[in-house]
Amino acid sequence: MQTDVKVLLTKFMLLEFSKWFSEFKPIESNDLSILKALKLIFFACSITSSKDNSLLKNGFNFVAMPLGHVETDIYDAYKGKQFGGVIDVTGVSNIDLLHTDFGSLSDALKAAAISAILALKAENKKLILESPSNLVELSHKYSSWINNFRKAKNIGQLSWPIPSNEIIDEEKYYFV
């Protein structure tokens, strides 16, 4: 998946995450920071990883970094200001998201994102309320992170690619 499509899909997912968040708290007070968003995207990818329409099989790729699983294209796009004012360290701007044109995003990708988020929500409805640090701790339980971050540390690095099959095959955790 090209980075610009991945950025648009991520914005779509951020909108869906903010809707989920609004079921509990006023949408204006969301804490969907870039760190929290990256963790939620990983969990959404992991929960539907064995399905053909999964986000993991549609081009999301993760690396093991100190704060858990990180989709590097999304993180690099964030650092490169490709998200504009949509997301920052404090939360998501729903006004910017509501004015985003998702028309060029395929129905299949939208459906995969919605399916993943609904599956995640069904597994743990209150996961959206967890702090970014709790989500980091939760991602540190995954063997895909443990094994690949160990490889990075063994050669003095802070990141290591995680093969998708490791995420597909591992035990999943959705409760802190």
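The values are calculated or read from the model by the stated rules, or taken from the named source; none is laboratory data. None of these values were measured; they are calculated from a predicted model. Neighbour counts run over all protein chains shown; Cβ positions are idealised from the backbone, glycine included. Remember, those area values only see protein heavy atoms, side chains included, never the ligands or the DNA or RNA. Shrake-Rupley method; radii C 1.70, N 1.55, O 1.52, S 1.80 Å.
Looking across the stretch 1-34 at every residue that is of a type in the set (D, E, K, R) and in a loop (DSSP other than H, G, I, E, B), the one that is modelled with the highest pLDDT is identified as Glu23. Return yes when Ser54 is buried (at least 18 other Cβ atoms within 10 Å of the Cβ) and not β-branched (Val, Ile, Thr) and no when it is not. Answer is yes for this residue. Whenever a residue of the stretch 1-26 is open to solvent by 50 Å² or more (accessible area, probe 1.4 Å), its partners that are at pLDDT below 95 and in a loop (DSSP other than H, G, I, E, B), lying with C-beta atoms within less than 6 angstrom and at least six residues away or across chains, give the pairs Met1/Gly59.
Residues that are under 14 Å from the mean Cα position of the chain (by Cα) and not charged (D, E, K, R) within the stretch 120-130 comprise Leu120, Leu127, Ile128, listed in sequence order. Within the stretch 57-74, the set of residues being surrounded by fewer than 18 Cβ atoms within 10 Å (Cβ to Cβ) and within 10 Å of the chain's Cα centre (by Cα) is empty.
Just to be sure, is Ser93 in contact with a Gly (Cβ under 6 Å, 6 or more places away or on another chain) and either surrounded by 18 or more Cβ atoms within 10 Å (Cβ to Cβ) or hydrophobic (A, V, I, L, M, F, W, C) (or both)? Full working, then the answer.
Values: in contact with a Gly (Cβ under 6 Å, 6 or more places away or on another chain): yes; either surrounded by 18 or more Cβ atoms within 10 Å (Cβ to Cβ) or hydrophobic (A, V, I, L, M, F, W, C) (or both): yes.
Yes, satisfied.
When only residues in the stretch 155-176 that are open to solvent by 70 Å² or more (accessible area, probe 1.4 Å) and of a type in the set (A, V, I, L, M, F, W, C) count, which is farthest from Lys57 (Cα to Cα)? Taking the candidates together, the pick is Ile155.
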